[in-house]
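Each remark here refers to the structure printed beneath this line.
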Protein chains: 2
Amino acid sequence: MSTIHMEVLSPIAKPAVTSADRVLVQIQRAVVEGEIAAGSKISEPELARKFNISRAPLREALARLERCHLIERIPNAGARVVRLSYEGLIHLYQIREELEGLACRLAAEYMPTEEIEQLQGLLDQHLSHQRVREGESYYQEAGDLDFHYRVILGSKNPYLINMLCDELYYLVRMYRVQMGMNGPRVSRAFDEHKAILTAIGNRDGELADLLMRRHISASRKNIEIKLAQQEK
Amino acid sequence: MSTIHMEVLSPIAKPAVTSADRVLVQIQRAVVEGEIAAGSKISEPELARKFNISRAPLREALARLERCHLIERIPNAGARVVRLSYEGLIHLYQIREELEGLACRLAAEYMPTEEIEQLQGLLDQHLSHQRVREGESYYQEAGDLDFHYRVILGSKNPYLINMLCDELYYLVRMYRVQMGMNGPRVSRAFDEHKAILTAIGNRDGELADLLMRRHISASRKNIEIKLAQQEK
DNA sequence: CTTTCCATTATTGTCGACAATAAATAGCTT
DNA sequence: AAGCTATTTATTGTCGACAATAATGGAAAG
């Protein structure tokens, strides 16, 4: 259970040794969960005071926030929290489909059998958690991302891992969290995960690729609906 | 001719307003062209002195260099120029194939006819340059990257554009430059570009995708050979 | 002679202050 | 009164110095 939290917050366990790291995690969470409103301007002096650090490490943190597309910076003008939009969602998921499809093909080839079995166990564990805590969206969120992380890590491609886990996934989470994802898709998602993992276990990269693309596409449509509801 | 240089060095014309920007471009070039040796350690005080700036903007530049995978940083330990390797090349081109394939599909859908025609003209222009300056690898380099840039921009997906043009292409250039790419592939590459663009013009995304993947795959094999020669 | 521990040195991370640029406000002109 | 311009204000970019951490070299023990 606490493992799930850890996994979601930091896919690749890097001990936050520097103060910029520490603050980065906090701001990331605040932005993703909407604590700092989407579209709002970011004041460096204000944030620095808030976290009791100087502007130097804060700017380092902001640079990394820009890297994962959570803020947008304009030279000599400042930074703003990104604004969620329909177009943004589409663009983001176009890439996800492609890259996570690739991750599946690679995982089918390179993911050690041991890791696959371990992930299988994790899926069952998530399922039981899900049964117990029906409707708690955070568990779905955590479990889903956890699954995707593992598959991506299984690709053994460092660039791919970096792009998806470090650069794209915080924004994905932001869409899901702020759209309040839960609903009836939960159990279906579990089945889809199972099917994908089975294909990977059978070393059938093509099928795993196809299933993952469908899975992500379905997830996108789910968020699209929420976004449309919210905008009207 | 000078346009070609500009295009290669800065795909999306952002006037380097801050001193960090200015220095970034210089270090990028130095790393890509091997002026700063691959695998060598980077000294912040030394570089700061060399460019007559303080460490603050230099560190900003280093952060962005890390972002495009030209250097690797370890907290409290420092930064090293990335080392080229067979595995790295494979991993990099796996992603390129996927993302540029996607870019082609999207370009076939969203690239304005006007832009396509303009790119067609650019291809012819490159061809004539090529005929005149037979064997000058830099022109091939510039022309090839220019073509890829245009197609990527045609996708109209900001995340895709950012990933390919800002994060991946400097490393691609580094492989190509340091492996000394020229040789007999030049004229074939022009034909492949033509074919891809024709498919995009016909709004045939599937075909453009396929052709681009083959084109990139062929380019990879070309570099693989050089790399193998160099390592033996 | 090798290995381990410690001190020294150098490098990175952080801080507070200053300079340059952009935003906000007030005053002037039409 | 509206719009433009100049001045003020605030924010970002940059600097030099200090603190904390890692790399280096040497001395002592085995």
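In segment A:92-119, comparing the full protein assembly with the chain on its own, the residues that lose 50 Å² or more of accessible surface at a 1.4 Å probe are A:94, A:95, A:98. Ranked by the mean number of other Cβ atoms within 10 Å of their residues, highest first, the peptides B:40-46, B:204-210, A:30-36, B:101-107 come out as B:101-107, B:204-210, A:30-36, B:40-46.
For residue B:90, inter-copy separations between label points set 7 Å beyond Cα along the Cβ vector come to 3.8 nm, shortest first.
Taking each of B:41/B:226; A:41/A:156; A:156/B:221 in turn, the alpha-carbon distance tops 27 angstrom for A:41/A:156. A cut-off under 9 angstrom between Cβ atoms defines the neighbours of residue B:105, and their net charge, with Lys, Arg +1 and Asp, Glu -1, is -3. Alpha carbon centre of segment A:200-216 versus segment A:68-91: separation in Å? Segment A:200-216 and segment A:68-91 have Cα centres spaced 32 Å from each other.
Summed over both chains, the contact between B and A buries some 2600 Å² of accessible surface at a probe radius of 1.4 Å. Here segment A:7-122 exposes an accessible surface that is 51 percent carbon and sulfur, computed with a 1.4 Å probe and the other protein chains kept in place.
For segment A:141-232, the C-alpha radius of gyration sits at 1.13 times the compact-globule guess of 2.2 N^0.38 Å, with N the residue count. All distinct Cα pairs of segment A:12-116 go into the 1/r average, and the inverse of that average, the Kirkwood radius, is 15.9 Å.
The values are calculated or read from the model by the stated rules, or taken from the named source; none is laboratory data. In this text the structure is predicted, and so the values were computed from the model without any measurement. Positions of Cβ are generated from backbone atoms using ideal geometry, with glycine treated the same way; all protein chains shown enter the neighbour counts. Quick note on the areas: whole protein, heavy atoms, side chains included, nothing else; ligands and nucleic acids left out. Shrake-Rupley method; radii C 1.70, N 1.55, O 1.52, S 1.80 Å.
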